[in-house]
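Q: Starting off with a structure, shown below.
The values are calculated or read from the model by the stated rules, or taken from the named source; none is laboratory data. As the structure is a computational prediction, the values presented were derived from the model and not from experiment. Ideal geometry is used to build each Cβ from the backbone, glycine not excepted, and the neighbour counts take in all protein chains shown. The area values use the complete protein model at the heavy-atom level, side chains included, leaving out ligands, DNA and RNA. Shrake-Rupley method; radii C 1.70, N 1.55, O 1.52, S 1.80 Å.
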Amino acid sequence: MNTQPKRSLLRRIGRWMRWIGLLLVGLLIGGWFFQRWASQRDRQRFLPAEQQIMVNGHAMRLVCVGSGSPTIVLEAGLGDNADVWGLVQPTLAEKYRVCAYDRVGMGWSEAVAGKADSGSIAQTLHELLNQAKLAGPYVLVGHSAGGLYIRDYTQRYPADVAGLVLVDSSHEQQQQRQPKLAEDPFTVMSQAMQVCDAIAPFGIIRLLGIFDQSQATYAKLPAANQASISASYYQNATCESLAAALQAVQQDLNQAQAPRMLNDLPLVVLTRGMAEPAMTEEFEQVWDELQRELAQLSSNSQQQIAEHSGHYIHLDQPELVIEAVEWVVSQQAK
């Protein structure tokens, strides 16, 4: 039997496989250089030197505008950065010093391993404010998971806090008390971010525009804020940092103990009035119950329902956040 044609075919296939392999390696190397160049270009564009504060050897982004007292500190929700406050910060800055920042690994702040839990976030914020020489007491404003973080900060540094505004804030017991969904969104997102982290350094995430569809959330923001948010998602550290944050917040939201009381600290709880897409009626009922409990943490509190807002009240009805801050500030004069 003549095996020469078969051997010739195998050799041709082998050569093609080697060429395909070399092509793939070349594409990965090219993608790696492209991703590195594009990331450095974006950092130069969106991270001016005056917004960089060194905290324990790592650069963090802090955006402060305005003047006056007390200083207002804005804490974004999970996955967001300082730019998400683009409809709130400029107006508040007409009267106060207003600062927003990017948590480690998010936005334009450098990643630091093991700093995604609420305790570490509170400690890092304390160090950041000290490094920036921003004297307290502060009015802290926290959206979603950011509400957890600023309440943790308040427990650790009570003398630094003049009051709180919780913007559709998370609750420590929401994971165990809310009805179980068919798929846990935190687990699904965490797994997706782990895959994202593996391929992001080769520019694949950037080239495919994986995060572009999420930008619809920020459509009401000024163009400059939208551009900064979009570019920041394609930094190498974003996927890994999001995966770590998702894993950490699952523990923060599944605690056995109820939230700690705030005594008579001025507190405003803003709660969305519009149901979130894909959430059941039972889910929304439990959410409303948790929000009422948050409003009961202080004897000097008020709760307001943002009737025309979803989860992002500071984008749908930013005036309510501004009014809430004004009310908290007014309590200091009494």
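Q: Amide H to amide H, which residues 5 or more places from Val161 or on other chains are under 5 Å from it, using H placed in the peptide plane?
A: So Val161 has HN proximity to Tyr138.
Q: I'd like the distance between the alpha-carbon centres of the range 235-285 and the range 112-127, rounded to an integer number of Å.
A: So the two Cα centres are separated by 17 Å.
Q: Further, regarding this structure: Per Stokes-Einstein, at 4 °C and 1.567 mPa s, what whole-number D in µm² s⁻¹ belongs to the range 1-109, with the Kirkwood radius over Cα pairs as the hydrodynamic radius? Can you show the working numbers first?
A: On the way: Rh = 18.1 Å.
Taking Rh from Cα pairs, D becomes 71 µm²/s.
Q: Mean residue ellipticity at 222 nm from the helices of the chain, using -39,500 (n - 2.57) per DSSP H segment of n ≥ 4 over the full residue count, to the nearest 500 deg cm²/dmol?
A: Calculated at 222 nm, the ellipticity per residue is -14500 deg cm²/dmol.
Q: On the protein heavy atoms, probe 1.4 angstrom, tell me the percent of accessible surface of the range 43-184 carried by carbon and sulfur.
A: Heavy-atom surface of the range 43-184 belonging to carbon and sulfur, 1.4 Å probe: 46 percent.
Q: Take the alpha-carbon centre of the range 147-177, take the same for the range 30-102, and report the distance between them in whole Å.
A: 21 Å
Q: So how long is each side of the range 28-173 along the principal axes, counting just the alpha-carbon atoms, biggest first, in Å?
A: 51, 37, 28
Q: Please quote Rg/Rh for the range 187-334 to two decimal places, taking the Kirkwood radius as Rh and restricting both calculations to Cα atoms.
A: Result for the range 187-334 is an Rg/Rh of 1.03.
Q: What Rg and what Dmax come out for the range 60-108 when only alpha-carbon atoms are used, in angstroms?
A: Cα-based Rg and Dmax for the range 60-108 come out at 10.5, 31 Å.
Q: Where only protein heavy atoms count, and the probe is 1.4 Å, what is the accessible area per residue for the range 16-166 in Å²?
A: That works out to 43 Å² for each residue.
Q: Another question, if that's okay. Just to check I understand the Karplus step: with θ = phi - 60° and J = 6.51 cos²θ - 1.76 cosθ + 1.60, what whole-Hz values come out for the range 208-217, glycine and proline as x?
A: 7, x, 4, 8, 4, 5, 6, 5, 4, 4
Q: Can you count the Lys pairs in the chain whose Cα atoms are under 26 Å apart, with each pair 8 or more apart or on different chains?
A: Counting lysine pairs in the chain gives 4.
Q: Note down the magnitude of the dipole of the chain about its Cα centre, charges +1 on Lys and Arg C-beta and -1 on Asp and Glu C-beta and zero elsewhere, to the nearest 20 debye. Walk me through the numbers before you get to the answer.
A: Details: 26 positive and 33 negative charges, 454 e Å.
It comes to approximately 2180 debye.
Q: Per residue, how much accessible surface does the range 175-334 expose to a 1.4 Å probe? Answer in Å², no decimals.
A: I get 51 Å² per residue for the range 175-334.
Q: Given an 8 Å cut-off on Cα distances and at least 6 residues of separation, report the relative contact order of the chain as a percent.
A: With pairs under 8 Å counted, the relative contact order is 20 percent.
Q: Can you pull the percent of the range 207-303's accessible area that's carbon plus sulfur, 1.4 Å probe, other chains left in place? Kindly include the intermediate steps, with their values, before the conclusion.
A: Details: 2410 of 4930 Å².
Answer for the range 207-303: carbon and sulfur cover 49 percent of the accessible area.
Q: Looking at the range 113-214, which GluC sites (Glu not before Pro) are in a loop (DSSP not H, G, I, E or B) and have at most 11 other Cβ atoms within 10 Å?
A: Details: sites: Glu127, Glu172, Glu183; in loops: Glu172, Glu183.
When the GluC sites (Glu not before Pro) of the range 113-214 are filtered for loop state and at most 11 Cβ neighbours within 10 Å, Glu183 remain.
Q: Below 8 Å, C-alpha to C-alpha, sequence gap of six or more: please give me the relative contact order for the range 238-318 in percent.
A: It rounds to 37 percent for the range 238-318.
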